[in-house]
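Participant: Take this structure first; my questions come after.
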Amino acid sequence: MTGGFRQPAVLDEDKVVHLLQVGASAGIPSRQFVGSRLHASTDVVGKALLAHTPCQPDVEHPPVSRQLRAELADIRTRGVAFGREPADGIGCVATPVIRAGDRSPLAAISLSGPADTMELPRPAATLRHTAATLRRGAPTLAEGVAQR
């Protein structure tokens, strides 16, 4: 895929915070930008994180809550979240970086781009591999930060 961008993000209570944007994003309309805080339950990256969070949100509206719970269960099974923003024409695939110890999400990584050129299932394996590589390095990164 050309013209896409990658983003790491973290969960902060019920919001997903996008930390960085790497790659070409010029001309791609998106509500995700560095520092943006979006409701996790409405964001593909947020759903990837929520699906692997031990305490999942209870959405105010029961029908929406059942739908969200079913979607999160599907994401847990697949290991990735897929989504399209029809209004923006953006496709996104996201996967969590899981802590080895308690199996909770440390962060998530995503790949987004023009929906008409993005084959959503295709980058999933690469993202899962990248997340596993990051997980193996997470203890080392955490130790480095603690020493500073």
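The values are calculated or read from the model by the stated rules, or taken from the named source; none is laboratory data. Treat the numbers as computed from the prediction; the structure is a model and nothing was measured. When we count neighbours, we look across all protein chains shown, and the Cβ atoms used for this are built from the backbone with ideal geometry, even at glycine. In case anyone asks, the SASA skips ligands and DNA or RNA and just uses the protein heavy atoms, side chains included. Shrake-Rupley method; radii C 1.70, N 1.55, O 1.52, S 1.80 Å.
Participant: Cβ-Cβ distance below 9 Å, separation of 6 or more or different chains: which pairs start in the stretch 97-112 with a residue that is more than 10 Å from ARG128 (Cα to Cα) and end on one that is part of a loop (DSSP other than H, G, I, E, B) and of a type in the set (Ser, Thr, Tyr)?
Facilitator: Taking only residues 6 or more apart or on different chains, the pairs are ILE98/SER104; SER104/THR53; PRO105/THR53; SER112/SER25; SER112/SER30.
Participant: Suppose the filter is open to solvent by 60 Å² or more (accessible area, probe 1.4 Å) and at pLDDT 70 or above; does LEU19 pass it?
Facilitator: yes
Participant: Across the stretch 62-119, what is the total count of residues that are of a type in the set (Asp, Glu), open to solvent by less than 70 Å² (accessible area, probe 1.4 Å) and modelled with pLDDT under 85?
Facilitator: Residues flagged as of a type in the set (Asp, Glu), open to solvent by less than 70 Å² (accessible area, probe 1.4 Å) and modelled with pLDDT under 85 within the stretch 62-119 amount to 2.
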